[in-house]
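Structure record follows, encoded as structure tokens.
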Ligand SMILES: C[S@@+](CC[C@H](N)C(=O)[O-])C[C@H]1O[C@@H](n2cnc3c(N)ncnc32)[C@H](O)[C@@H]1O
């Protein structure tokens, strides 16, 4: 299992990918702050990802746009609190500053402190943050101490996290959240394969996923072949699900994805999003 400190390093890679968005022919989002968290090493890893499996960085772009939409829609529907769980260098608190929603962040101390110092250097403030391993900490009460109302509608963004976590930690964690918070939706990305047992329908999928792991320098021990586990082992309802490549038309990049070889598109079916709603 990859150490949590090394998982923290992946946040720089995601920032490096986001920092490249303005140069894309058709940008999918605006994150002018991502460049503050990018560096040569992270850019080199992003290039390795592109070599390992060319659509991988495009799917990070798709997911950023998707989670932006989750936040926008949730706020439009009345949520006034957003929690960025394993938020890394997510700057949505500032990107969505004029919505009036209050943002909270959770990540390990080294990541939160790096972000806090970087923002301060640029005259900006880090949102209320819980510095902790969220698998060990009492997240709801830690956030309540920072001002989160545990009974008010809340959006939780759990982006780029599930695949790195120990498989046995997921359901206890989600059950703890559901036990303490009454009204929330949690959105996450995941691999739709039994990664615990490394079960793949074809060997190409396995090779690509393992190439991406190597490039990231982190293992993906957890995937979900079937989302029913969240309804059977925790008090959730699957409110939304799909694969990122299927958002291509909607995001104006249909021709790009349509030009991918058939076998790439097959592998991309494994990378999906899900929104769970507490029942
Ligand atoms: C791949 S990065 C994604 C960051 C951000 N959500 C994004 O998409 O840009 C994963 C982040 O989750 C954090 N993380 C993973 N597991 C964690 C845990 N158990 N407790 C706290 N933070 C965790 C890491 O420190 C890292 O910042």
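If you take the residues in segment 133-165 that are away from the ligand (no atom under 15 Å from the Cβ) and closer than 30 Å to residue 244 by Cα, which one is surrounded by the fewest Cβ atoms within 10 Å (Cβ to Cβ)? For segment 133-165, the residue satisfying everything is 152.
Pairing each residue of segment 177-193 that is modelled with pLDDT under 95 with any residue that is not in a strand (DSSP E or B), provided the two are 6+ apart or on different chains, yields C-beta distances under 8 Å for 182/150; 182/151. The set of residues in segment 201-223 that are without any contact (Cβ under 8 Å) to a residue 60 or more places away in the chain and either outside any loop (DSSP other than H, G, I, E, B) or surrounded by 19 or more Cβ atoms within 10 Å (Cβ to Cβ) (or both) comprises 203, 206, 207, 210, 213, 220.
The residue pairs whose first member lies in segment 6-26 and is without any contact (Cβ under 8 Å) to a residue 40 or more places away in the chain, whose second member is buried (at least 19 other Cβ atoms within 10 Å of the Cβ), and whose beta carbons are closer than 6 Å, counting only pairs six or more residues apart or on different chains, are 16/38; 16/42; 16/46; 19/34; 19/38.
Residues in segment 115-159 that are over 30 Å from residue 39 (Cβ atoms), in contact with a helix residue (DSSP H, G or I) (Cβ under 9 Å, 6 or more places away or on another chain) and assigned to a loop (DSSP other than H, G, I, E, B): 138, 148, 150, 153. Within segment 102-114, residues that are more than 9 Å from residue 85 (Cβ to Cβ) have Cβ atoms under 9 Å from residues that are at pLDDT below 95 and within 6 Å of the ligand (Cβ to nearest atom) in these pairs: 108/4; 108/7; 108/8; 110/8; 111/8; 114/8, counting only partners at least 6 apart in sequence or on another chain. Only one residue in 79, 52 is in contact with a strand residue (DSSP E or B) (Cβ under 6 Å, 6 or more places away or on another chain) and away from the ligand (no atom under 15 Å from the Cβ). Which one? Testing whether each residue is in contact with a strand residue (DSSP E or B) (Cβ under 6 Å, 6 or more places away or on another chain) and away from the ligand (no atom under 15 Å from the Cβ) leaves just 79. One residue alone among 226, 263 is under 14 Å from residue 55 (Cα atoms), surrounded by fewer than 18 Cβ atoms within 10 Å (Cβ to Cβ) and at pLDDT 95 or above, and that residue is 263. Residues of segment 245-252 include at least one that is in contact (Cβ under 8 Å) with a residue 60 or more places away in the chain, under 17 Å from the mean Cα position of the chain (by Cα) and either closer than 21 Å to residue 199 by Cα or surrounded by 18 or more Cβ atoms within 10 Å (Cβ to Cβ) (or both). Apart from one condition, residue 94 fits all of (1) within 21 Å of residue 242 (Cα to Cα); (2) within 14 Å of the ligand (Cβ to nearest atom); the exception is (1). Residues that are crowded, with 21+ Cβ neighbours inside 10 Å and part of a loop (DSSP other than H, G, I, E, B) within segment 166-190 comprise just one, 181.
Conditions (1) at pLDDT below 95; (2) away from the ligand (no atom under 15 Å from the Cβ); (3) in a loop (DSSP other than H, G, I, E, B); (4) in contact with a strand residue (DSSP E or B) (Cβ under 9 Å, 6 or more places away or on another chain), marked per residue:
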| position | (1), (2), (3), (4) |
| --- | --- |
| 1 | yes, no, yes, no |
| 16 | no, no, no, no |
| 44 | no, yes, no, no |
| 61 | no, no, no, no |
| 69 | no, no, no, no |
| 84 | no, no, no, yes |
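Listed by first and then second residue, the pairs linking a residue in segment 129-141 that is free of Cβ contacts under 8 Å to residues at least 60 places away in the same chain and under 22 Å from residue 151 (Cα atoms) to a residue that is in a strand (DSSP E or B) and more than 8 Å from the ligand (Cβ to nearest atom), with Cβ atoms under 6 Å apart and 6 or more places separating them unless they lie on different chains, are 129/105. With respect to the conditions (1) surrounded by 20 or more Cβ atoms within 10 Å (Cβ to Cβ); (2) assigned to a loop (DSSP other than H, G, I, E, B), residue 196 lacks only one, and its number is (1).
The values are calculated or read from the model by the stated rules, or taken from the named source; none is laboratory data. Because the structure is predicted, anything quoted here is derived from the model rather than measured. As a convention, Cβ positions derive from the backbone with ideal geometry for all residues, glycine included, and neighbour counts pool all protein chains shown.
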